[in-house]
Amino acid sequence: MRETDTIIVGQGIAGSIMAYMLHMQQVPFMVIDPSDSNTASRIAAGMFTPITGKRKTIQPLVLQQIPFAVKTYKAIEQLIGCSFLHLDNVYQVYNAASEQNDWIAKSAQCDYSPFILTSPNRLPNIKQEIGACEITNSGWVDCGLMINGFADWLNRKGALLKAEFIYCDLQIAKDAMDYQGIKFKNIIFCEGYQAVNNPFFKENIIPCKGDMLTIQYDQVGMNRIIKKNSIYVVEKENGIFKAGSTYHWNNNNAEPDEADKALVELQLAVLLEKSYSVINHQSAIRPTTKNREVIVKQHPDNSRMFMLNGMGTKGVLQAPWSAELLVKLVLGNR
């Protein structure tokens, strides 16, 4: 029999940051995760930027979430001894003159001007007939590197059980719970799309399949997130880039598909001037919700059960903020 305070189910972006938040509060915990390499958290490029959407808007909460996320990721880097945070501007390539006009008009507004550079240094080997602007206060997280590094740290602490969580093995008593010989008080489900199988929380998780290519391209040291239309390219290491992504709503088939690969390559053809080679093609299912609402929830009938989920395509930005809220909920439950 082993005892701890809290069990976290899932070690994706949400579960990893949840574990970090509990660690900072000196709350003993155990993480249970099957360590599947083909998850949305592990293959995501993990970008964040203050201006998003077709209407190019700034959500007020985002301006609070970005510095909080950066602070959190820097602290995790120091804790686990791994560098995965990249504070790079978004190099937004114009698709048409009308888009250029929209960005220039936005840059003239006082709320937007601190975040838009209308005359950036031109990046080489990128098709940009009309030009480009840069969006500051942006960046990306090498999610696979972060999650693997955090898993190593958990292993050194003896706080990671690499296994699939079996719901029927969870024994619930009045003041405590038991799972396969582990006795604990609280349980937090951070399962991503797998939450569709959770018998305790009946949340409406909408699957959104995304495809990502890893490519080799003859360009080194861009230090930018290259974006045009719905395609983005980030440099993972010298000459190795991640490119994506597709968005297939209500699609729960995580197998890579040649048609989806072709969609990404079609977008790359209008962005990259030189030829490239595809090193890897990955796909996974993002957990989204109907109104893009993050699930930060306490179970209505069991006050010691919690869920953190539904962060979709903005998990890197929303996970630290949401995990902080959930930690307060868990600690307040004491």
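The values are calculated or read from the model by the stated rules, or taken from the named source; none is laboratory data. Quick caveat: nothing in here was measured; it's all calculated off a predicted structure. We place every Cβ from the backbone using ideal geometry, glycine too, and count neighbours over all the protein chains shown.
Has region 296-317 got at least one residue that is under 24 Å from P67 (Cβ atoms) and free of Cβ contacts under 8 Å to residues at least 12 places away in the same chain? No. The residue that is surrounded by the fewest Cβ atoms within 10 Å (Cβ to Cβ), among those in region 220-243 that are in a strand (DSSP E or B) and among the aliphatic types (A, V, I, L, M), is I240. Checking each residue in region 95-116 for being buried (at least 17 other Cβ atoms within 10 Å of the Cβ), under 28 Å from the mean Cα position of the chain (by Cα) and without any contact (Cβ under 8 Å) to a residue 40 or more places away in the chain picks out only E99. Restricting to region 285-313, name every residue that is part of a loop (DSSP other than H, G, I, E, B) and basic (K, R). Those that are part of a loop (DSSP other than H, G, I, E, B) and basic (K, R): K290, R292, R304.
Look at region 198-219: where a residue is part of a loop (DSSP other than H, G, I, E, B) and a partner is of a type in the set (K, R), sitting 6+ places away or on another chain with Cβ atoms under 9 Å, you get F201/K297; E203/K297; N204/K290; D218/K274; Q219/K274. Only one of the numbered conditions (1) of a type in the set (V, I, T); (2) at pLDDT below 90; (3) surrounded by fewer than 17 Cβ atoms within 10 Å (Cβ to Cβ); (4) in contact with a strand residue (DSSP E or B) (Cβ under 7 Å, 6 or more places away or on another chain) is violated by T246, and that is (3).
Of the residues examined, K174 is one that is more than 25 Å from the chain's Cα centre (by Cα) and assigned to a loop (DSSP other than H, G, I, E, B).
A quick yes/no check of all residues on (1) within 30 Å of I8 (Cα to Cα); (2) of a type in the set (A, V, I, L, M); (3) not assigned by TED's automatic domain parsing to the domain that holds I17:
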{"site": "P114", "(1), (2), (3)": "no, no, yes"}
{"site": "S119", "(1), (2), (3)": "no, no, yes"}
{"site": "G131", "(1), (2), (3)": "no, no, yes"}
{"site": "F150", "(1), (2), (3)": "yes, no, no"}
{"site": "K157", "(1), (2), (3)": "yes, no, no"}
{"site": "L160", "(1), (2), (3)": "yes, yes, no"}
{"site": "C168", "(1), (2), (3)": "yes, no, no"}
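Remark: K162 falls outside the filter, which requires a residue to be surrounded by fewer than 20 Cβ atoms within 10 Å (Cβ to Cβ), within 24 Å of T72 (Cα to Cα) and of a type in the set (D, E, K, R). Residues of region 92-137 that are among the polar types (S, T, N, Q), in contact with an Asp or Glu (Cβ under 8 Å, 6 or more places away or on another chain) and closer than 17 Å to N229 by Cα: Q92 alone.
Could you pull out the residue among S41, S35 that is of a type in the set (S, T, N, Q) and crowded, with 18+ Cβ neighbours inside 10 Å? Walk me through it before giving the result.
On the way: S35 fails: crowded, with 18+ Cβ neighbours inside 10 Å.
That would be S41, the only listed residue that is of a type in the set (S, T, N, Q) and crowded, with 18+ Cβ neighbours inside 10 Å.
Looking at region 255-284, which of the residues that are part of a strand (DSSP E or B) and of a type outside the set (V, I, T) is surrounded by the fewest Cβ atoms within 10 Å (Cβ to Cβ)?
Of region 255-284, the ones part of a strand (DSSP E or B) are 272, 276-284.
Add one more test, that the residue is of a type outside the set (V, I, T), and what stays is 272, 276-277, 280-284.
Details: L272: 22, Y276: 19, S277: 9, N280: 12, H281: 18, Q282: 22, S283: 23, A284: 24.
By that ranking, first place goes to S277.
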